[in-house]
DNA sequence: GAGCGAAACGAGGAT
DNA sequence: CGTTTCGCTC
């Protein structure tokens, strides 16, 4: 693609006012945004500082920055170009005090949220009995993404009441700890603009042009931000593809893109339907799949690259054979590893692929899964550092109070917690006054004061010294390395290497000019897995379909095209969720430039249990047969996907998606099965929100017929 | 309070 | 199956 096509040109050159670009997969939407910015700056004389462009990932932002800089012939661009979340952080750093919150706030990641919620559930006792922290968190997160307020109105549903109570407690605890979570970065920013018109006016005035990428994945908070920011100039330029909306579980609402023309009157709509990425058979196959969806605006992509190999289907005996096939095929076809991606629905699928690639001596990188910043030793160190900049952060304090063990055990901790609750003080403040309290042993009080001194000394240091210096002192004084070495004799080398790597990251941050410990910690929390990935590495890329969005590869292997995996088991009940799975499948397929290979296994080990029989995905059946080439032992006879209701199994009707009734737990849905016959096990999610695992033969379950939806 | 083995729990996608 | 919590002993 050297010059812009007519549709792209129109989108780039159009005049002021709101506009919606419906950009199909591979239609050059990034390029359109880049060219539009270049056009505004170079041709219209717009000051770069008056342009704001928002993306969903740092990776996308980084690529856009590079391309805009190249296009304008400058080293560094002056536009504000970054992710929604980093924009929220940018605003809150300056303005959060207007919401009555401290400027030195820290960002709580999902592990922090989980540990906080666990504690709140425990403290709430009977009021929140039997609620899983994860369920509570996702409920709270959903409320926040919809920008609701945690008031405790009269509620008829007891479960909802408990959730509401936890929401209120969570909200209060987070605020007291001087923390914000991921949702808050957007929600608080939206609220700030809502409640402080003068602030909104200032930013809306500055950003004459607002551009938003992946608009189909915006949630309500992001939508409100878009409205606020374009409330003065109304030059809002959004780019999206309703067929690639795959984040509804994160609060994204497809309505935002479907309703754009109503929301922003006089909007112009542009359609980009020429695909520059994929060879024709790949695009035809992907189009055929997504065309089954009902909620679409409707686009028909056509390929710039006619000819090309048909899409292949490998129908493996089991998941090991599937993984082996991928490695063998890469070797046999002499594919250059850097041009290959292996995509899958769940992170759990990655292990087998890693093994088979390793056996063949193929280099690979795994994106996601166990994140560097999710590692225990890194989280410990981060918790210390966060406590240094935010002494009110009780969540971090709890994590490190006795790590490494320093004689402050459960009894002492409970005593401190009780005092903190009673006096409405932070844990650290309570600990400062511990000498006044005689109910703790002298030894415990001594240990507690030592800890307070440690934090005080290092906090002072953090005010002036570079991050790496503070970290060195921290590791030294806590004897953290010795602790790691002692605690895990088997794996300590790897763990120490992780600590080394983190030290290097700190030093690098300092060397780049840094911004102090607080800024370092805030920015770290916004890093994503894909951000670390270097596409020029000569290695096969392994990642989930979700992570692959926005990327492209010459050769793509899409694994696990089975009912229960893609579409995922948890989506089988609802037509809307099936449609999202279908879009996910479409996103994955359209990552491929030259070749696409679909794989499925007839049998796959499930968690703990034995192998389970698998049905091939309905999405495979949606690809026209003449577009599909069967390879290996592939044989679709009798395995073609059938409508879910007609499928039969040998397990007495207990299978994926079956609606059942249990005397104790009520109605539920089978999420997974494993084993067979007398050893058949089934995981069932009940309408109460709880999930449980059963030996089917031992459990009084009734199969409910004729029920499709709850 | 620390350390260890046993039991229980939970497994979708991630800024 | 892998990880976290529990419960017992020292």
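The values are calculated or read from the model by the stated rules, or taken from the named source; none is laboratory data. All of these numbers come straight from a predicted model, not from anything done at the bench. FYI the Cβ positions are ideal-geometry reconstructions off the backbone, even for glycines, and counts take in every protein chain you see.
How many of the residues making up region A:90-138 are more than 16 Å from DNA strand C (Cβ to nearest atom) and in contact with a helix residue (DSSP H, G or I) (Cβ under 8 Å, 6 or more places away or on another chain)?
The number of residues fulfilling the criteria is 16.
For region A:381-400, state whether one or more residues are part of a helix (DSSP H, G or I), more than 31 Å from the chain's Cα centre (by Cα), touching a residue at least 24 places away in the same chain (Cβ under 8 Å) and away from DNA strand C (no atom under 15 Å from the Cβ).
The answer is no, given that none of the residues of region A:381-400 is part of a helix (DSSP H, G or I), more than 31 Å from the chain's Cα centre (by Cα), touching a residue at least 24 places away in the same chain (Cβ under 8 Å) and away from DNA strand C (no atom under 15 Å from the Cβ).
Please determine whether any residue of region A:481-496 is part of a helix (DSSP H, G or I), more than 31 Å from the chain's Cα centre (by Cα) and at pLDDT 90 or above.
no
Report whether or not residue A:570 is within 8 Å of DNA strand B (Cβ to nearest atom), surrounded by fewer than 22 Cβ atoms within 10 Å (Cβ to Cβ) and either modelled with pLDDT under 90 or in a helix (DSSP H, G or I) (or both).
yes
Residue by residue through region A:400-431, note down the ones that are away from DNA strand B (no atom under 16 Å from the Cβ) and surrounded by fewer than 16 Cβ atoms within 10 Å (Cβ to Cβ).
Residues satisfying the conditions are A:421, A:422, A:423, A:424, A:429.
Among (1) away from DNA strand B (no atom under 14 Å from the Cβ); (2) surrounded by fewer than 19 Cβ atoms within 10 Å (Cβ to Cβ); (3) within 24 Å of residue A:551 (Cβ to Cβ), where does residue A:110 come up short?
(1)
Residue-by-condition table, conditions (1) within 33 Å of the chain's Cα centre (by Cα); (2) free of Cβ contacts under 8 Å to residues at least 40 places away in the same chain; (3) outside any loop (DSSP other than H, G, I, E, B):
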| position | (1), (2), (3) |
| --- | --- |
| A:15 | no, yes, no |
| A:25 | yes, no, no |
| A:61 | yes, yes, yes |
| A:66 | yes, yes, yes |
| A:69 | yes, yes, yes |
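With the checklist (1) under 25 Å from residue A:379 (Cα atoms); (2) free of Cβ contacts under 8 Å to residues at least 60 places away in the same chain in hand, flag the one item residue A:127 doesn't pass.
(1)
Need the failing condition index for residue A:543 against (1) more than 16 Å from DNA strand B (Cβ to nearest atom); (2) farther than 19 Å from residue A:277 by Cα; (3) in a strand (DSSP E or B), just the number.
(1)
State yes or no: is residue A:316 in a helix (DSSP H, G or I) and either touching a helix residue (DSSP H, G or I) at 6+ places or on another chain (Cβ under 8 Å) or over 30 Å from residue A:574 (Cα atoms) (or both)?
Values: in a helix (DSSP H, G or I): no; either touching a helix residue (DSSP H, G or I) at 6+ places or on another chain (Cβ under 8 Å) or over 30 Å from residue A:574 (Cα atoms) (or both): yes.
Taking the combined requirement at face value, the residue does not satisfy it.
Please find, among A:500, A:534, A:554, the residue that is at pLDDT 95 or above and either out of contact with any strand residue (DSSP E or B) (no Cβ under 8 Å at 6 or more places or on another chain) or surrounded by fewer than 18 Cβ atoms within 10 Å (Cβ to Cβ) (or both).
A:554
If you check A:44, A:48, which single one turns out to be surrounded by fewer than 23 Cβ atoms within 10 Å (Cβ to Cβ), in contact with a helix residue (DSSP H, G or I) (Cβ under 7 Å, 6 or more places away or on another chain), more than 30 Å from residue A:109 (Cβ to Cβ) and without any contact (Cβ under 8 Å) to a residue 60 or more places away in the chain?
When all the criteria are applied, what remains is A:48.
Quick check: anything in region A:19-30 surrounded by fewer than 22 Cβ atoms within 10 Å (Cβ to Cβ), out of contact with any strand residue (DSSP E or B) (no Cβ under 8 Å at 6 or more places or on another chain) and closer than 22 Å to residue A:246 by Cα?
yes
Filter region A:348-372 down to the residues that are over 23 Å from residue A:631 (Cα atoms), in contact (Cβ under 8 Å) with a residue 24 or more places away in the chain and either surrounded by 17 or more Cβ atoms within 10 Å (Cβ to Cβ) or more than 14 Å from DNA strand C (Cβ to nearest atom) (or both) and list them by number.
A:363, A:364, A:365, A:366, A:367, A:368, A:372, listed by residue number.
Check region A:378-399 and report whether any residue there is within 16 Å of DNA strand B (Cβ to nearest atom) and loosely packed, with under 14 Cβ neighbours inside 10 Å.
no
Criterion first (touching a residue at least 60 places away in the same chain (Cβ under 8 Å), more than 17 Å from residue A:142 (Cα to Cα) and surrounded by fewer than 22 Cβ atoms within 10 Å (Cβ to Cβ)) does residue A:262 satisfy it?
In short, no.
Would you check which residues across region A:601-643 are at pLDDT below 80, away from DNA strand B (no atom under 16 Å from the Cβ) and either under 29 Å from the mean Cα position of the chain (by Cα) or over 29 Å from residue A:328 (Cβ atoms) (or both) and list them?
Correct list: A:642, A:643.
I'm trying to understand the selection: among the residues of region A:457-467, which are in a helix (DSSP H, G or I) and either in contact with a strand residue (DSSP E or B) (Cβ under 7 Å, 6 or more places away or on another chain) or surrounded by fewer than 19 Cβ atoms within 10 Å (Cβ to Cβ) (or both)? Even if it seems obvious, please write down each step before you answer.
Residues of region A:457-467 in a helix (DSSP H, G or I): A:457-464, A:467.
Scanning region A:457-467 gives A:457, A:459, A:460, A:461, A:463, A:464.
Give just the number: which of (1) assigned to a strand (DSSP E or B); (2) within 16 Å of DNA strand C (Cβ to nearest atom); (3) surrounded by fewer than 22 Cβ atoms within 10 Å (Cβ to Cβ) does residue A:607 not satisfy?
Failing condition for residue A:607: (1).
Can residue A:76 be described as within 16 Å of DNA strand C (Cβ to nearest atom) and either surrounded by fewer than 16 Cβ atoms within 10 Å (Cβ to Cβ) or over 22 Å from residue A:221 (Cα atoms) (or both)? Show your work before the answer.
Working: within 16 Å of DNA strand C (Cβ to nearest atom): no; either surrounded by fewer than 16 Cβ atoms within 10 Å (Cβ to Cβ) or over 22 Å from residue A:221 (Cα atoms) (or both): yes.
It is false that residue A:76 is within 16 Å of DNA strand C (Cβ to nearest atom) and either surrounded by fewer than 16 Cβ atoms within 10 Å (Cβ to Cβ) or over 22 Å from residue A:221 (Cα atoms) (or both).
Is it fair to say residue A:476 is closer than 30 Å to residue A:406 by Cα and within 16 Å of DNA strand B (Cβ to nearest atom)?
Judged against the criteria, residue A:476 is not a match.
Does residue A:589 satisfy the condition of being within 16 Å of DNA strand C (Cβ to nearest atom) and in contact with a strand residue (DSSP E or B) (Cβ under 8 Å, 6 or more places away or on another chain)?
No: the conditions fail for residue A:589.
Looking at residue A:103, is it surrounded by fewer than 19 Cβ atoms within 10 Å (Cβ to Cβ), more than 16 Å from DNA strand B (Cβ to nearest atom) and under 30 Å from residue A:372 (Cβ atoms)?
Yes; evaluated as a whole, the condition is true for this residue.
Could you look through region A:172-189, keep only residues that are away from DNA strand B (no atom under 13 Å from the Cβ) and outside any helix (DSSP H, G or I), and pick out the one that is nearest to residue A:107 (Cα to Cα)?
A:179
I need the full set of residues from region A:122-137 which are near DNA strand B (Cβ under 10 Å from one of its atoms), in a helix (DSSP H, G or I) and surrounded by 15 or more Cβ atoms within 10 Å (Cβ to Cβ), in order please.
Within region A:122-137, A:133, A:135, A:137 meet the criteria.
Starting from residues that are within 11 Å of DNA strand B (Cβ to nearest atom) and touching a strand residue (DSSP E or B) at 6+ places or on another chain (Cβ under 6 Å), keep the ones in region A:348-367 and report whichever is farthest from residue A:461 (Cα to Cα).
The extreme case among them is A:350.
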